[in-house]
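Structure, as structure tokens:
The values are calculated or read from the model by the stated rules, or taken from the named source; none is laboratory data. Quantities reported herein were computed from a predicted structural model and do not represent experimental measurements. Because the Cβ atoms are built from the backbone with ideal geometry, glycine has one as well, and the counts that use them run over all protein chains shown. Quick note on the areas: whole protein, heavy atoms, side chains included, nothing else; ligands and nucleic acids left out. Shrake-Rupley method; radii C 1.70, N 1.55, O 1.52, S 1.80 Å.
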Amino acid sequence: MRTKSKWSPGPGIKVQSVISSEQGDWVVSACGPESGICPDCRHQSRSRHGWSYRNLQDLPIQGSAVTVKLQLRRWRCTYRPCGRQTFTDRAPAIASPYARRTTRVAEIVGLLGHSTGGRPGERLMRRLGMSISDDTILRHLKRNAARIDDDPPARIVGIDDWSWRKSWRYG
Ligand SMILES: [Zn+2]
């Protein structure tokens, strides 16, 4: 069966090549969108200023590690009233700014780290084809905990009853 859809690590990202290294790992080279939206004035720009590169750990293929080499453009903001000179594509659908792994890998790191902890999480992740140190797993957990602490405290707490035995005893 043939299909017209092509795999992509995220929206607007085009895969340029997929190469398997001698160690059996995979390297996916991909390029960002053809235009950028200025984060300040929201105007579209096609005036390229330069390039930026990110190496992101992605989900494994059949147990082998995958690295997405993402080439992103740096744009000039051409809207004169805007104070911003240049801006870079962030690819927020793929990874957080400055992250070294894709969002989907970061979610797995968070889930495994939360349920197993640092060292067991490291062993499990290596077995699944995603090498990551126990320190990184713990750092990830601390960062997420700090993010939860930033949420405003609860103002209203609801307490509901439950039944030990229906129509007989309630807690
Ligand atoms: Zn702008």
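I need the peptides 46-55, 102-111 ranked by packing, meaning the mean over residues of other C-beta atoms within 10 angstrom, with the highest value on top.
So the order, starting with the most tightly packed, is 102-111, 46-55.
When the dipole is taken about the Cα centre of the chain, and only Lys, Arg (+1) and Asp, Glu (-1) are charged at their Cβ, what size is it in debye, to the nearest 20?
520
Quick one: length gained pulling Arg123 to Tyr98 fully straight, 0.36 nm per residue minus the C-alpha distance?
Working it through step by step, the gained length comes to 6.5 nm.
With both partners inside the stretch 26-171, how many of the DSSP beta bridges are antiparallel, as a percent to the nearest 5?
If we restrict to bridges inside the stretch 26-171, about 70 percent are antiparallel.
Give me the aspartates and glutamates in straight-line cross-link reach of Lys69: C-alpha distance below 19 Å, same-chain residues under 8 apart excluded.
Those aspartates and glutamates meeting the cut-off are Glu22, Asp25, Glu34, Asp58, Asp89.
Compute and list, largest first, the equivalent-ellipsoid semi-axes of the stretch 10-94 from the alpha carbon gyration tensor, each √(5λ) rounded to a whole angstrom.
Ellipsoid half-lengths, sorted descending, are 32, 11, 9 Å.
Multiply the residue gap between Leu111 and Val18 by 0.36 nm, knock off their C-alpha separation, and tell me the result in nm, one decimal place.
Gain on extension, Leu111 to Val18, equals 30.6 nm.
Just going by the charge dipole of the stretch 17-73, with Lys and Arg at +1 and Asp and Glu at -1 on Cβ, which of His49, Leu70, Cys31 is farthest out on the positive end?
Positive-end residue among those listed: His49.
Find the accessible area per residue for the chain; the probe is 1.4 Å, ligands and nucleic acids are left out, and the unit is Å².
Computed with neighbouring chains in place, this is 75 Å² per residue.
Assuming R0 = 25 Å, can you tell me the calculated FRET efficiency for the pair Asn55 and Arg155, based on Cβ-Cβ distance, to the nearest 0.05?
Taking R0 as 25 Å, the efficiency between Asn55 and Arg155 is 0.05.
Angle between the Cα long axis of helix 118-127 and the longest principal axis of the chain, 0 to 90 degrees, nearest 10?
Roughly 60 degrees, rounded to the nearest 10.
Per Stokes-Einstein, at 10 °C and 1.306 mPa s, what whole-number D in µm² s⁻¹ belongs to the chain, with the Kirkwood radius over Cα pairs as the hydrodynamic radius?
The Stokes-Einstein estimate is 81 µm²/s.
Relative contact order for the stretch 10-94: what percent, with Cα pairs under 8 Å and sequence separation of 6 or more?
Normalised by residue count, the contact order of the stretch 10-94 is 29 percent.
Over the chain, what is the relative contact order in percent, taking alpha-carbon pairs closer than 8 angstrom and at least six residues apart?
After rounding, I find 15 percent.
Once neighbouring chains are kept in place and the probe is 1.4 Å, which whole percent of the accessible area of the chain is contributed by carbon and sulfur?
Carbon and sulfur: 51 percent of the exposed surface of the chain.
Determine the sum of side-chain charges near Asp58: Lys and Arg each +1, Asp and Glu each -1, restricted to other residues whose C-beta is under 15 angstrom from that of Asp58.
Taking every Cβ under 15 Å from that of Asp58, the sum is +3.
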